[in-house]
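The values are calculated or read from the model by the stated rules, or taken from the named source; none is laboratory data. In this text the structure is predicted, and so the values were computed from the model without any measurement. Don't worry about glycine lacking a Cβ; one is built from the backbone with ideal geometry, like all the others, and counts go over all protein chains shown. Note: accessible area is taken over every heavy atom of the protein model, side chains too, but ligands, DNA and RNA are not part of it. Shrake-Rupley method; radii C 1.70, N 1.55, O 1.52, S 1.80 Å.
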Amino acid sequence: MLEGSVHTMTVTLFTSPSCTSCRKAKAWLEEHDIPYKERNIFSEPLNIDEIKEILMEDYRLSAKEAEAYL
């Protein structure tokens, strides 16, 4: 890390109302003072572009490869 720089990151936690694992993940993040943004996928579904972005960033797929999954 560069001296004097601060790197902050907020986790996006995708949840659903009945997901026990989601509640456990939220509790763990809170216990460890890790900032997060919760997004309920039922009340706020992901659109195609967001799904592509996740595939490209998290799975290091090209835009063409991400498109093939959709």
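Give the total of Lys-Lys pairs in the chain with Cα-Cα distances below 25 Å; include a pair only if its members are 8 or more places apart or on different chains. Can you show the working numbers first?
Numbers: Lys24/Lys37; Lys26/Lys37; Lys26/Lys52; Lys37/Lys52; Lys52/Lys64.
Summing the qualifying lysine pairs gives 5.
Taking 0.36 nm per residue of separation and subtracting the Cα-Cα distance, what length does fully extending Ala27 through Met56 add?
That pair, Ala27 and Met56, stretches by 7.6 nm at full extension.
What longest range of the chain stays clear of loop-exposed chymotrypsin sites (Phe, Trp or Tyr not before Pro) (DSSP non-H/G/I/E/B, at most 13 other C-beta within 10 angstrom)?
Numbers: sites that count: Phe42, Tyr59.
So the longest stretch without any such site is 1-41.
May I have the pair-distance distribution P(r) for the chain, computed from all Cα-Cα distances with 5 Å bins from 0 and rounded to whole percent?
3, 14, 17, 17, 19, 16, 9, 4, 1
Would you calculate the separation in nanometres between label points at Glu65 and Ser16, each defined as 7 Å from the Cα along the Cα-to-beta-carbon direction?
Label at Glu65, label at Ser16, 2.7 nm between them.
Choose one answer from Leu55, Leu29, Leu13: the residue with the largest mean-square fluctuation in a GNM of the chain with alpha-carbon springs under 10 Å.
In this elastic network of the chain, the residue with the biggest mean-square fluctuation among Leu55, Leu29, Leu13 is Leu55.
Identify which of Asp58, Asp49, Asp33 has the largest mean-square fluctuation in a Gaussian network model of the chain, with springs joining Cα atoms closer than 10 Å.
Asp58
Per residue, how many Å² of accessible area does the chain show with a 1.4 Å probe?
Details: 5950 Å² over 70 residues.
Here the per-residue accessible area is 85 Å².
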